[in-house]
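Visitor: One structure, pasted below without further comment.
The values are calculated or read from the model by the stated rules, or taken from the named source; none is laboratory data. What you see is a predicted model; the values in this text were computed from it and never measured. Here the Cβ is made from the backbone with ideal geometry for all residues, glycine too, and neighbour counts use every protein chain on show. Keep in mind that these areas ignore ligands, DNA and RNA; they rest on the heavy atoms of the full protein, side chains included. Shrake-Rupley method; radii C 1.70, N 1.55, O 1.52, S 1.80 Å.
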Amino acid sequence: MTLAAGVAVFDRQTGQFVHQHDADRRFRSASVVKLLIALDFFWQRGPDYDVPPDDGKRLEVMLRSSDDDAASYYWDQLGGAAIVDRMAERLGLRHTAGPPPSHPGFWGYVAITAADTVRIYRYLLEDAPQPVRKYVMGQLHQATRYGTDGFDQYFGIASVFEDGYSLKQGWSGFHGSSGYRSDRAKPESVVDLVNDALHTTGTVGPDDRSIVAVFTLHQSGTPYEQAYAAVTELTAALTVPGGVRVRKADK
């Protein structure tokens with residue numbers, strides 16, 4: 001059972017939202033914040049935006065396979081919550097905020113919304129310098145089936161649509177996951193840190209036509225497979241312009 005969902009689908013061709021449901025509700029970001037970490041890394045590297053080899057390895061595994069060690073490395077190197085403050089101001093993110101002061105190192109506790117996630121992707125696709133757009137979107141279009149923690153990240157967008165999508169997924173709280181479980185501590189926060197979180201975000205269709213952001217919460221202790229199926233079912237019910245759906249026989 002899905003306890004809460006925040007949904008936004010934006011059609012870049014028409015410049016209009018197709019779906020919005022609690023799109024400004026804040027959820028803990030889990031690994032979706034890795035988009036902001038990557039963008040902050042690139043922000044002052046112009047005009048060439050070269051990526052040193054060691055950074056290339058970290059960014060690739062962070063964006064494609066949602067590697068947490070890489071995210072923690074940049075969180076420490078780039079100033080922690082200051083990353084979120086900077087990127088929220090730069091991109092005009094309205095409801096995105098850093099983790100609670102009691103847990104500054106917990107980047108998975110960053111507060112984010114479906115609507116702000118659309119704004120992040122719109123920046124990437126429409127305003128980011130071309131080398132940044134090409135690099136980051138290139139990684140997201142090559143998202144691996146499994147994260148480096150072993151979790152299957154092909155739920156939601158990846159289960160519903162044919163190849164060509166881009167992905168940045170997020171999961172937190174499930175048994176054995178690398179997300180930060182809140183039962184170790186109950187910091188005061190503007191987001192739910194108790195129940196399990198599972199998010200699917202990315203783009204769908206030719207030329208990344210539609211931006212999709214689906215954020216969900218599930219009762220603590222929900223099996224990952226059950227939440228995986230629920231998020232996929234929710235995503236399948238959305239109208240997504242440009243998206244070609246996987247035939248049932250192909251699933």
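Visitor: Packing-wise, with mean Cβ within 10 Å as the measure, how do 39-45, 8-14 rank, highest first?
Guide: 8-14, 39-45
Visitor: Once label points are set 7 Å from the Cα along Cα→Cβ at both Asp127 and Arg245, what is their separation, rounded to one decimal in nm?
Guide: 3.4
Visitor: Tally Lys and Arg at +1 and Asp and Glu at -1 over the other residues with C-beta under 9 Å from the C-beta of Arg58: what net charge comes out? Write down the numbers at each step before the final one.
Guide: Numbers: positive: Lys57; negative: Asp54, Asp55, Glu60, Asp67, Asp69.
Charge balance in the 9 Å sphere: -4.
Visitor: Same structure, new question: Counting other Cβ atoms within 10 Å of each Cβ, which GluC sites (Glu not before Pro) in segment 46-130 have at most 11 and sit in a DSSP loop? Don't skip to the end; give the middle numbers.
Guide: Working: sites: Glu60, Glu89, Glu126; in loops: none.
Answer in residue order: no site qualifies.
Visitor: Turning to a different aspect of this structure: Add +1 for every Lys or Arg and -1 for every Asp or Glu among the other residues with Cβ under 14 Å from the Cβ of Gln44, and state the total. Could you put the intermediate results ahead of the total?
Guide: Values: positive: Arg45, Arg86, Arg90; negative: Asp40, Asp48, Asp50, Asp55.
It works out to a net charge of -1.
Visitor: Check cross-link reach from Lys34 to the aspartates and glutamates: straight Cα distance under 12 Å, and skip same-chain residues fewer than eight apart.
Guide: Correct list for Lys34: Glu60, Asp67, Asp68, Asp69.
Visitor: Same structure, new question: Send over a whole-number figure in Å² for the accessible area per residue of the chain, probe 1.4 Å. Working shown, then result.
Guide: Numbers: 10810 Å² over 251 residues.
On a per-residue basis, 43 Å².
Visitor: Additional query: Sequence gap at least 6, Cα distance under 8 Å: using those rules, report the relative contact order of the chain to the nearest whole percent. Walk me through the intermediate numbers first.
Guide: On the way: 516 pairs, mean separation 66.3, N = 251.
So the answer I get is 26 percent.
Visitor: Val18: net charge of surrounding residues, Cβ under 13 Å, Lys/Arg +1, Asp/Glu -1, itself excluded? Intermediate results must be reported in sequence, preceding the final value.
Guide: On the way: positive: Arg12, Arg209; negative: Asp11.
Every neighbour counted, the sum reads +1.
Visitor: Once you keep just the Cα pairs under 8 angstrom separated by 6 or more residues, what percentage relative contact order results for segment 201-251?
Guide: Working: 33 pairs, mean separation 21.4, N = 51.
Once divided by the residue count of segment 201-251, the mean separation gives 42 percent.
Visitor: Just how far, in whole angstrom, is segment 31-92 from segment 131-154 if you go by their alpha carbon centroids?
Guide: Centre-to-centre (Cα) distance: 14 Å.
Visitor: Right, another one. Each residue of segment 202-211 in turn: what ³J(HN,Hα) in whole Hz from Karplus with 6.51, -1.76, 1.60 and θ = phi - 60°, glycine and Pro shown as x?
Guide: Coupling constants for segment 202-211: x, 10, 9, x, x, 6, 6, 4, 10, 9 Hz.
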